[in-house]
Amino acid sequence: MSAQEFAARIRGRERILGYWSVIDSPVSTEWIAHVGWDYIALDMQHGLIGYSGMVAGLTAIDSSPSTVGMVRVEANNPTPIGRALDAGAVGVIVPLINNAEEAAAAVAAAKYPPFGIRSYGPMRSQLRIGPVPADANRDTVVFAMIETPQGLANVEEICAVPGLDGVYVGPSDLRIAVGGKHSNDPDVAEEFEAALTRVREAAAVSGVAAGIHTPSGQVAAQRLGEGYTFATVASDLTHLANISAQHLDAAKS
């Protein structure tokens, strides 16, 4: 799938499934890319990946004809956003967006003039995206994470920001944002579900994509059925630990 095709599917609110990578292991990322996910997101905020690991991971993903590489950048700042896109990411997931102004800044950082402030230097990305600025602007997607109390309170305004392709729920932080004592606190289940409804409805009104991180394929299917348009499943690190534990338990039994 090309970057242009991926961007068109996102903006068409088609159902899309992705996977999350937090470990700097290009070989395993390459294997996962050939499973058939629509995208793999490399986590530069909480993941164990440095710049060279990001470049290697995106290169590994590009070995698959059907999967594109995205990056969750470490901050809403033009430098990490530009570096991720220059390295070949088809889009960025920008964390901790609290209001429309911050969402607009994220869009500006990802777009070349006259629509943004991205500096021209598409080192690796020009092999697949652009290199003409207008083409890169068309084929690059930007998502604002909704995970803070302020972001939830302002989600309708965030979704309406010109050039923003969608919002992405960080469920752990969002659960804490609605009063949870920890990322899986069952005592705020009702408030959490209400927040998820508000996010997806706000996205639908503005006609942008609504994405969410999920712990499993089953939960991803549930959220897509409820109206989210794309979902990411788990992560390579958690699956590695979980599968290893399952085999250990089976061997002991």
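The values are calculated or read from the model by the stated rules, or taken from the named source; none is laboratory data. Because the structure is a prediction, the values reported are computed rather than measured. For neighbour counting, all protein chains shown are included, and Cβ atoms are generated from backbone atoms with ideal geometry for every residue, glycine included. Only protein heavy atoms, including side chains, enter the accessible area calculation; ligands, DNA and RNA are left aside. Shrake-Rupley method; radii C 1.70, N 1.55, O 1.52, S 1.80 Å.
Extent along the principal axes, Cα only, for segment 1-250: 50, 45, 28 Å, with the longest axis given first. Applying the Karplus relation 6.51 cos²θ - 1.76 cosθ + 1.60 with θ = phi - 60° to segment 76-84 yields 3J(HN,Hα) values of 7, 8, x, 5, x, 5, x, 5, 5 Hz, where x marks Gly and Pro. Extending 7 Å from the Cα toward the beta-carbon at both R138 and E101 defines two label points whose distance is 3.4 nm.
The modelled label-to-label distance for the pair K252/T197, using points 7 Å beyond Cα in the direction of Cβ, is 4.2 nm.
The share of accessible area on segment 22-117 that comes from carbon and sulfur is 63 percent, using a 1.4 angstrom probe.
Heavy-atom accessible area per residue, segment 1-250, 1.4 Å probe: how many Å²?
42 Å²
Mean separation of Cα pairs under 8 Å and 6 or more residues apart, divided by the residue count, gives segment 1-250 a relative contact order of 19 percent. Helical runs (DSSP H, four residues minimum) scored at -39500 (n - 2.57) apiece and divided by the length of the chain put the mean residue ellipticity at 222 nm at -13500 deg cm²/dmol.
Return the equivalent ellipsoid semi-axes of segment 149-231 as a descending list in whole Å, where each equals the square root of 5 times an eigenvalue of the C-alpha gyration tensor. Please list the in-between numbers first.
Values: eigenvalues 83, 49, 18 Å².
Taking √(5λ) for each Cα gyration eigenvalue gives 20, 16, 10 Å.
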